[in-house]
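Worksheet: the structure to be examined is printed underneath.
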């Protein structure tokens with residue numbers, strides 16, 4: 001990175017503080033330039049969501065070389081969500097630290113760069129970041145890793161359930177899911193939690209085992225899920241989770257179990 005782009009990134013990070021700034025390094029003709037973008041995340045002091053229109057505008061100017069964002073009042077060390085998003089982008093990432101000092105002056109610090117290297121976040125214990133690590137992300141990752149089924153990806157806005165969206169019911173049939181009346185391993189449990197529409201989903205684990213993460217103890221009859229602003233985990237299915245359940249769904253590629261209902 002040249003000095004001019006480093007200086008432009010620093011100015012942007014300071015100007016946006018305490019929000020995370022975000023932008024792109026772009027090859028425009030024979031020059032490499034920094035293109036500031038808008039952060040449209042619902043929690044911009046903790047996360048960033050680069051406006052898709054800004055990304056498209058940057059592509060019109062030239063080849064996108066890297067993604068840049070700041071960490072306000074936090075080291076420039078990549079978070080789990082940063083590493084996952086870097087993999088998804090297929091681009092190098094740069095993170096710059098920015099802090100307010102005791103004299104109330106905002107200053108930048110270290111800049112850390114990293115590349116996509118095949119990183120995958122664990123299914124259990126991952127931190128929440130809407131659109132990167134949330135209840136839909138863990139379903140997509142579980143089906144790809146544990147079932148060998150690719151479900152694609154889905155853009156979603158934080159709080160879509162209160163903004164007229166119905167993400168799960170609008171997409172489950174097209175993604176290959178059918179509603180069923182009983183549970184078997186790998187089925188999707190759809191729930192409605194303080195929302196006008198079903199807004200949370202979990203994976204039913206009949207034997208409680210994650211085959212791609214064998215270090216975890218078995219938890220038969222549990223669900224794997226990722227609640228809002230909490231780490232992903234397994235919970236015994238029943239009680240509250242049963243009360244807020246609205247339906248069960250099974251992917252058409254999954255063979256039917258020999259059990260007509262869950263054999264627990």
Task: Between helix 80-89 and the chain: long-axis angle, C-alpha atoms, 0 to 90°, nearest 10 - done: 80
Task: Order of 140, 172, 25 - criterion: other Cβ atoms within 10 Å of each residue's Cβ, fewest first - done: 140, 172, 25
Open item on the list: Could you identify which residue out of 71, 133, 12 has the top mean-square fluctuation in a GNM of the chain using Cα springs shorter than 10 Å?
Closed with: 12
Open item on the list: Restricting to DSSP H runs of at least four residues, report the calculated mean residue ellipticity at 222 nm for the chain, -39500 (n - 2.57) per run over all residues, nearest 500 deg cm²/dmol.
Closed with: -6000 deg cm²/dmol
Task: Over region 3-114, relative contact order from alpha-carbon pairs under 8 Å, at least 6 apart, % - done: 24
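Classify region 140-264 as rounded, prolate or oblate from the Cα gyration tensor: take a ≥ b ≥ c as the square roots of its eigenvalues, call it rounded if a/c is under 1.5, otherwise prolate when a/b beats b/c and oblate if not.
Working: a/c = 1.43, a/b = 1.34, b/c = 1.07.
Judged from the Cα gyration tensor, region 140-264 comes out rounded (a/c under 1.5).
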TODO: For helix 135-146, report the angle its Cα long axis makes with the longest principal axis of the Cα atoms of the chain; keep it between 0 and 90° and round to the nearest 10°.
DONE: 70
Task: Whole-number percent relative contact order across the chain, with pairs defined as alpha carbons under 8 Å at least 6 apart - done: 14
Task: Helix 52-61 axis, angle to the chain major axis (alpha carbon atoms, nearest 10°) - done: 50
- [ ] Of the listed values (i) 1.06; (ii) 1.04; (iii) 0.97, grab the one calculated as Rg/Rh (Cα atoms, Kirkwood Rh) from the structure here.
- [x] (ii)
- [ ] Please order 21, 135 by the number of other Cβ within 10 Å, starting at the fewest.
- [x] 135, 21
- [ ] For an R0 of 30 angstrom, estimate the FRET efficiency from the Cβ-Cβ distance between residue 197 and residue 230 and round to the nearest 0.05.
- [x] 0.90
Task: Mean-position separation - Cα centroids, region 202-256 and region 1-54, in angstrom - done: 38
Task: Relative contact order (%) - criterion: Cα under 8 Å, at least six apart; region: region 135-251 - done: 28
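Rule-based calculations on the coordinates, nothing more; no lab input. Because the structure is predicted, anything quoted here is derived from the model rather than measured. Cβ coordinates were reconstructed from backbone atoms using ideal geometry, including for glycine residues, and neighbour counts include every protein chain displayed.
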